[in-house]
1. What percentages, rounded to whole numbers, describe P(r) for segment A:78-162 computed over all alpha carbon pairs with 5 Å bin width beginning at zero?
2. Filter A:Lys66/A:Lys103; A:Lys57/A:Lys330; A:Lys26/A:Lys102; A:Lys381/A:Lys490; A:Lys427/A:Lys573 down to the pairs with a C-alpha to C-alpha distance above 27 Å, please.
3. Counting other C-beta atoms within 10 Å, which of A:Trp522, A:Trp374 has the fewest, and how do the rest follow?
4. Quick one: A:Ile194, A:Ile376, A:Ile219, fewest Cβ neighbours within 10 Å first, how do they rank?
5. About its Cα centre, what dipole magnitude does chain A give when the only charges are +1 on Lys and Arg Cβ and -1 on Asp and Glu Cβ, stated in debye to the nearest 20?
6. State log₁₀ I(q)/I(0) for segment A:1-110 at q = 0.11 Å⁻¹ as given by the Debye formula over alpha-carbon point scatterers of equal weight, solvent excluded.
7. Roughly how tilted is helix A:391-410, in degrees to the nearest 10 and between 0 and 90, from the longest Cα axis of chain A?
8. Give me the number: length gained by fully extending A:Lys204 to A:Thr301, i.e. 0.36 nm times residue separation minus the C-alpha to C-alpha distance, one decimal in nm.
Amino acid sequence: MDKDQVAEVLTNIAVLLELKGENPFKTRAYVNAARTIETMSEPLAMVVSEQRLGEMKGIGEALQKKITELVTTGGLAYYEELKAATPPGLVAMLDIPGLGPKKIKALHDELGIETVELLEQACKDGKIAGLKGFGEKTQTNILEGIHRRRTYASRHLISDALPTAEPLLEALRLHPDVIRCSTAGSLRRHREVIGDIDLLASSKQPAEVIDYFTHQPGIFNVIAKGETKASVLLEGGIQADLRVVSDAEYPFALLYFTGSKEHNIVMRQRAIDRDLRLNEYGLFRSGAETRDPKLLVNCRTEEEIFEKLGLHYIPPELREDTGEVALAEKEPLPRLIEWTDLKGSLHNHSTWSDGHQQPADIARAMRELGLAYWGITDHSKSSFQANGLDAARVRQQLKEIRQINEDLAAEGSDFRLLTGAEVDILKDGRLDFEDDLLAELDVVIASIHQSFNQSEEETTSRLVGAARNPYVHILGHLTGRLLLEREPYKMDHRAVIDACAETGTWIELNASPLRFDMDWRWWPYARSKGVKCAINCDAHRFEHAGFLRLGAGIARKGWLTREDVVNTLPLDKLRSELGRKRAKMQ
DNA sequence: GCCGTTTTCGGCCCGACTGTTTTCAGTCG
């Protein structure tokens, strides 16, 4: 078993233990161990065989044994026993809001309820309200929760959440009682997929702000409403939570609610190590009363809180507990890329294949946006579903684009289209075009669009092979995933990144909000190997140029700076970089 | 289940909200 699989088993064990009613700290030990395994940089099998598991934080004697069993035998008796003892329907019930392990256990023990369907029926029959600890309201809420889960997905693309959050935030900004406000949570951290929208405001009149918020247009219903906090369900199916705090508390609340949870635990622990206490209300010198204002360490902004804890500032995108705190202790974090650093996108489509606009119109639109260049890289012939081009049509398109560029030059414009192709990596690893054709193109992207179900070894060797081709500049959407729709195909990131490092091949950060592929979690490794990134829109329409902004946000999560991203370069420098690999490999 | 210069037991981040109770447990983030 590899580390992802081991981490998944450990996470599942934690869920099963919760349902069993085990000590919550024992449960957490499994969650922590899963995270440690997932984020370790060495191959797990090596650490196991060298018996160095115990050196890792959070892995003691018991977990060493279990992980070793998983890695060496591919299974774990303890896990199988737990699974056998827990009806799978109970796990599904955890997804219903308001139902946690204790209530689910009670439902199972008292009424023998083992599935969501049985639970729904029991609610309708009025059997739940009579149980100790349950009531009419809980029964109704469970039914509503089951219904809502069927009607709406509970996870949302950031591209759906951002435009939903913006009007709410704007409304808060305009309210006279609101002093400061911001998004928080996973949205502020710019996660690719979010659960709900977190908003934070400071005010002297919290109840009024809460009331104002719950009466905004676009609210389907109000889930909860208190003095300082409200949750609403928006018409698009996304939940939004608002918390209102005093302005003195605001920076602490913003830090706390931006998270992530794991990052917060590290920060709190750091405060404790300095004889301080950090929570959403403040940073306090140690004392019996944790919210005693006399013990408060004054901070007006998040920046000041980091400073008081002996840290350089950590941008929200990096607050994921992937080593940011340890580094911020030693030195300023890298200056992350800004979306305005981007000069164009190298991977885009036109009506020649499955795009919606013609090259001349695209050139005009992208020039007006203030970009410097735009690659036209239509599909190759094997992508027949996308109207892929054969060699003859590619050469025809080359002529058209050259003419457009000549016209641009005649008008005195510096904007240029780049010629290119998104060439398919075929099932057997060959490319869909011959090298002599690829050599005629400004920019070549190689991507997988077929045979998604091959083994990890086969897919990896297709990608490594493509990287070894001297004419391929970029590997496109590395894993083929479609967020919330399609799983990535199996491939070995490390091996592919290493091959790119060796050959001078760039890796795409496909900025389509359905893809964001390669995943941000792999960019620090790629960066450490000197592999460059191209943030590409994979645009099929004008509007997709806006993906540059979203893509830059994901690149920031991957710790990327302007220097790591090739399409921050001006056109002449980009052209010389595009020539570098071809020169090196000939 | 993990951890430890206050170390082999007794902690483990912590507060708001809801619904059920009648002082609090469970859930959530």
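1. 3, 13, 24, 23, 14, 10, 8, 4, 1
2. A:Lys66/A:Lys103; A:Lys427/A:Lys573
3. Ranked by crowding around the Cβ, least crowded first: A:Trp522, A:Trp374.
4. Final ranking by Cβ density, sparse to dense: A:Ile219, A:Ile194, A:Ile376.
5. Roughly 900 debye for chain A.
6. -0.37
7. 90
8. Extending this stretch completely gives an extra 33.1 nm.
Values quoted throughout were computed directly from the atomic coordinates according to the rules given, and no laboratory measurement underlies them. Every value quoted in this text rests on a predicted model; they were computed, and no experiment measured them. Backbone-built Cβ (ideal geometry, glycine too); neighbour counts: all protein chains shown.
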